[in-house]
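Could you have a look at this structure, given as structure tokens, before my questions?
What follows is calculated from the coordinates using simple rules that are stated; it is not laboratory data. All figures in this text were calculated on a predicted structure; none of them were measured in a lab. Ideal geometry is used to build each Cβ from the backbone, glycine not excepted, and the neighbour counts take in all protein chains shown.
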Amino acid sequence: MRRIHWTWPAAALCLVGAVVTGCMLLQPPAPRATVTDASGQEVTLSWADFPGEAWIEPADVLAAPRAEQIESVGDALLTDLQRVVDEHARGGAWAEGAAGGMFANTGNGYGGATLHHLYNSSDRSTGTVPDDWPALSDALDAELAERGFDPIVWDFDREPYAHQTPAERDAEVVEVHGSLDPAQMWQWLGMASNGSAWVSVMLVDLDRGVGAPLETDAAVQSQVSLMAGATVIQAADEQAYRDGTAPFAGLERPAPTTSD
């Protein structure tokens, strides 16, 4: 059983002279945790040494494809989702947006390095949009479920953010989607997750329901857009990742102290 004691090192350098005039804030240091290991010894861990990131579970990253595989896996997933869309709105041609890619994350959020890489696919879109958006959503959910994804969470169904009241959330939904009634919305924005992987779905029809505001900056009249991504590690880094995250297993991760 682990006993945890959090310690936060001093975060400021004071200018000391005959009179202390103030403090200059430095980059916040990484939080630390003191744990008792199986032998009864206390060990102090610095979160700067954590090779992951604050909001991502290492187990999810380890369960995902490796960086060398994720592009082909993502392409296959998007191809299957395109097929589902075509079954509901036949005849549409698909276009591929700017090329996706793999990006090495710059830090773990605690002033240290991370082994995580972020993959974003290219965007795939078609201008042929089905009339029945709920039916398409259900069909996409079924396809995604076969690959271990949770159902799509549509933005209009989300809970209020921590800084929002329900009324503020509703006002934002109306501003973005045009209505609180999904049947009257001119666009739906959603995301499905599977551990550290995700798929985004966008449905747009400027004339649907209440219609889009006149000032809407839209390049197309209607569109279904799909995109996939994941946080992954390289195959060569797997053992280092397992070894590096193991000492932090079971600990509640603190909020990030740096932006990278």
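Relative contact order, percent, of the chain when contacts are C-alpha pairs under 8 Å separated by at least 6 residues?
It rounds to 23 percent for the chain.
I want the local charge near residue 220. Using Cβ-Cβ distances under 15 Å, sum +1 for each Lys or Arg and -1 for each Asp or Glu among the other residues.
Summing Lys and Arg as +1 and Asp and Glu as -1 gives -3.
Assuming R0 = 51 Å, what is the FRET efficiency of residue 210 and residue 234, from their Cβ-Cβ distance, to the nearest 0.05?
The computed FRET efficiency comes out at 0.60.
OK, next. What full-extension length gain, to one decimal in nm, is calculated for residue 145 and residue 131 as 0.36 nm per residue of separation minus the Cα-Cα distance?
Taking residue 145 through residue 131 to full extension adds about 2.7 nm, to one decimal.
Fully extended, how many nm does the chain gain between residue 184 and residue 113 (0.36 nm per residue separation, minus their Cα-Cα distance)?
Residue separation times 0.36 nm, minus the Cα-Cα distance, leaves 20.9 nm.
Gap in Å between the Cα centre of the stretch 88-128 and the Cα centre of the stretch 195-260?
Cα centres, the stretch 195-260 to the stretch 88-128: 8 Å.
Would you mind computing, in nm to one decimal, how far apart the modelled labels at residue 246 and residue 219 are, each placed 7 Å from Cα along Cα→Cβ?
Modelled inter-label distance: 4.8 nm.
Would you compute, from DSSP H runs of 4+ residues alone, the mean residue ellipticity of the chain at 222 nm, taking -39500 (n - 2.57) per run and dividing by the full residue count, rounded to the nearest 500?
-7500 deg cm²/dmol
Quote the FRET efficiency, to the nearest 0.05, computed for residue 98 versus residue 38 with a Förster distance R0 of 41 Å and r equal to the Cβ-Cβ distance.
In this case the efficiency is close to 0.25.
Among 69, 226, 133, pick out the residue whose Cα is farthest towards the positive end of the charge dipole of the chain, where Lys and Arg carry +1 and Asp and Glu carry -1 on C-beta, about the Cα centre.
So the residue furthest toward the plus end is 69.
Per 0.36 nm of contour for each residue apart, how much would the distance between residue 158 and residue 170 grow if the chain were fully extended, relative to their Cα-Cα spacing?
Taking 0.36 nm per residue and subtracting the Cα distance, the gain is 3.3 nm.
Size of the dipole of the stretch 1-259 about the Cα centre, Lys and Arg at +1 and Asp and Glu at -1 on the beta carbon, nothing else charged, in debye to 20?
Charge dipole, the stretch 1-259, about its Cα centre: 1140 debye, nearest 20.
Compute from the Cα atoms of the stretch 125-198 the Rg and the Dmax, the latter being the longest Cα-Cα distance, and quote both in angstrom.
When restricted to the Cα atoms of the stretch 125-198, Rg and Dmax are 13.8, 37 Å.
Please report the projected area of the chain's Cα convex hull averaged over all directions, in nm².
Seen from a random direction, the Cα hull of the chain projects 19.9 nm² on average.
Could you order peptides 224-235, 167-178 by the average number of other Cβ atoms within 10 Å of their residues, highest first?
Descending mean neighbour count gives 224-235, 167-178.
If you count, for each residue, the other Cβ atoms within 10 Å and average over each peptide, how do 185-194, 61-70 line up from highest to lowest?
Put in order of decreasing packing, that is 185-194, 61-70.
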